[in-house]
Amino acid sequence: MSAELREEALVVFRSGLAAADPYRLLRAKFREEPGKGFYLGSELGLPLPGPSGRILVLGAGKAVCSLANALEQSLEPRDFSGRVLTKYGHGLPLQRLIVEEAGHPLPDADGVAATKRLLDDLRDLGPEDRIFLLLTGGASSLLVAPAQGLTLEDKIATTELLLRSDATIQEINAVRKHLSTIKGGRLLQAIAPAEVFTIVVSDVIGNDLSSIGSGPTVADPTTFQDCLMILERYGLSRRVPGEVKRHLEQGTRGAFSETLKPGAPQLERARHTILASNRHSLRAAQEKAEALGFETEIFRWDMEGPVHDAARAFAKSLTALLERPRPQALLAGGELTLEVRGSGKGGRNQEFALVASRELQGLDGVAVLSAGTDGTDGPTDAAGALADGTTWSRALSIGLDPGALLANNDAYTLFDRLGDLLRTGPSGTNVNDLVIGLTAWPDGLERPPEEVNRMRAAEVRLAAQNEVFKSVE
């Protein structure tokens, strides 16, 4: 893979990450207005607590610790307490908030226990109390409180079936809400009569608040009947645990209360704001690509649907851009669905890159980066992968069969062997995925100053690394 194209793709990706950094955004926007309340920019988040009121900070998600860290510093010297739940390995040392780690994308016993403690924190709230709820992607799996008659195993089995299907995140969350005592506005019912301000880093296309974290503090438009239709749509009606099917059927007959619906009185004491989303990242990536001298096009702002279909279409569009006289950047954001049929290792971004590489075989001067902004892609240690027109042939040259690996959903093995996995570690944010396609600079075409300076900096870093290597030889 061209070292220059690889470096340029990484620079554009990092710019997208920086634009959705929850810590930086919250610290820049949050303020307390004396005698009035807590504001996020010009927006009132919460009135100040009453004389006997307290401040409680709660949260869940893969990037929640970045938000919590910023809020801790912003609330000083106020008295407050609380806890946040995050994915294993995504915790940060906070000063006053308790950090709990649990399973994701499948819920586990640690998530059940941590959620119970979070709900216990809400006991004896009054109208003068103020609650900050911090939500980022992953909260649906981390806030685990099975509905009456259901077990954690029931929820795990159902979630796993949904994740392996073509169901959208909205459909998956609709089912989750109706198997829970905390999702779909039920957390807001537990918070009442206190006031709550939910600060969101969105991992849902369109920023539907009822889908983000399965909407624990907003009204839910879906019903038990919708859930049964979702299971039927993806052929899961006879595969989910029997208790799950019975629970949903009984819910349609009124045996269990529905999720919180529009017009409920609790909604009057709840506010929400979207702090960051995929569009923040995609716009920043576009601006950085243009600053580096690329002509840019947005392939799709809200990419959804099957991975293979999107990857083929993206590669076709990128191939067409090779005919243009200037370097091109084709960008996309969203969250695709991957139906897992094999037993291999990987994620939707790695599979996207591998499918794209099949379509780009033999082409020079083209590269694709596909990665999750949270730093993880499926059950792997990679955020995604980089591919180009030589990926397929390089795999064959070292004895790998890329077609067989693709059929087995084993993109991780291929990109790991090629050294083309993108490993960022937990990024501190989570706003879906970014896909970056670049075409190379033609020889003799003058680069803009920012690109020249970036390349010089990269050369200095490489020279310094070489000196270190020489010193230890």
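So here's what we get for this one:
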item	result
Breaking point among (1) crowded, with 17+ Cβ neighbours inside 10 Å; (2) farther than 18 Å from ARG164 by Cβ; (3) of a type outside the set (Val, Ile, Thr), for GLY419	(1)
Every residue from the stretch 242-296 that is of a type in the set (Phe, Trp, Tyr) and within 30 Å of VAL196 (Cβ to Cβ)	PHE256
Condition met for ARG300 (surrounded by fewer than 24 Cβ atoms within 10 Å (Cβ to Cβ) and either more than 27 Å from the chain's Cα centre (by Cα) or assigned to a strand (DSSP E or B) (or both))	yes
Strands (runs of 3 or more DSSP E) completely within the stretch 28-82 that count 2 or more residues being in contact (Cβ under 8 Å) with a residue 60 or more places away in the chain, touching a helix residue (DSSP H, G or I) at 6+ places or on another chain (Cβ under 7 Å) and among the small types (Gly, Ala, Ser)	55-60
Residue that is surrounded by the fewest Cβ atoms within 10 Å (Cβ to Cβ), among those in the stretch 164-195 that are at negative phi and in contact with a His (Cβ under 9 Å, 6 or more places away or on another chain)	LEU179
Scope the stretch 139-154; condition of a type outside the set (Gly, Ala, Ser), in contact with a helix residue (DSSP H, G or I) (Cβ under 8 Å, 6 or more places away or on another chain) and assigned to a helix (DSSP H, G or I); matching residues	LEU142, LEU152, ASP154
Residue list for the stretch 307-344, restricted to those being more than 22 Å from ALA291 (Cα to Cα) and assigned to a strand (DSSP E or B)	GLY334, THR337
Filtered residues of the stretch 165-196 (kept if among the hydroxyl-bearing types (Ser, Thr, Tyr) and touching a residue at least 60 places away in the same chain (Cβ under 8 Å))	SER165, THR168
Residue within the stretch 110-124 that is under 18 Å from the mean Cα position of the chain (by Cα) and either within 22 Å of THR376 (Cα to Cα) or in contact (Cβ under 8 Å) with a residue 12 or more places away in the chain (or both) present	no
Criterion violated by LYS288 - all others in (1) farther than 27 Å from ALA18 by Cα; (2) touching a residue at least 40 places away in the same chain (Cβ under 8 Å) satisfied	(1)
GLU258 vs. criteria acidic (Asp, Glu) and in a helix (DSSP H, G or I)	no
Selection within the stretch 319-377 - of a type in the set (Val, Ile, Thr) and over 27 Å from ASP443 (Cα atoms)	THR337, VAL340, VAL355, THR373, THR376
Residue check, LEU118 closer than 28 Å to GLY375 by Cα and in contact with a Lys or Arg (Cβ under 7 Å, 6 or more places away or on another chain)	yes
Residues satisfying the stated conditions in the stretch 359-373, i.e. out of contact with any strand residue (DSSP E or B) (no Cβ under 9 Å at 6 or more places or on another chain) and surrounded by 17 or more Cβ atoms within 10 Å (Cβ to Cβ)	GLU359
Selected residue (criterion: farthest from ALA139 (Cα to Cα)) from residues of the stretch 392-446 that are out of contact with any Ser or Thr (no Cβ under 7 Å at 6 or more places or on another chain) and part of a strand (DSSP E or B)	THR439
Failed item in (1) acidic (Asp, Glu); (2) more than 22 Å from LEU322 (Cα to Cα); (3) at pLDDT 95 or above, with GLU450 passing the rest	(3)
Number of positions in the stretch 261-304 that are under 30 Å from THR319 (Cα atoms) and small (Gly, Ala, Ser)	7
Residues being modelled with pLDDT of 95 or more, buried (at least 16 other Cβ atoms within 10 Å of the Cβ) and of a type outside the set (Val, Ile, Thr) - total across the stretch 122-138	9
Some residue of the stretch 8-21 being assigned to a loop (DSSP other than H, G, I, E, B) and either farther than 30 Å from THR159 by Cβ or at pLDDT 95 or above (or both)	yes
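The values are calculated or read from the model by the stated rules, or taken from the named source; none is laboratory data. Keep in mind that this is a model prediction, so the values were computed, not measured. A quick note on method: Cβ atoms are made from the backbone with ideal geometry, for glycine too, and the neighbour counts reach across all protein chains shown.
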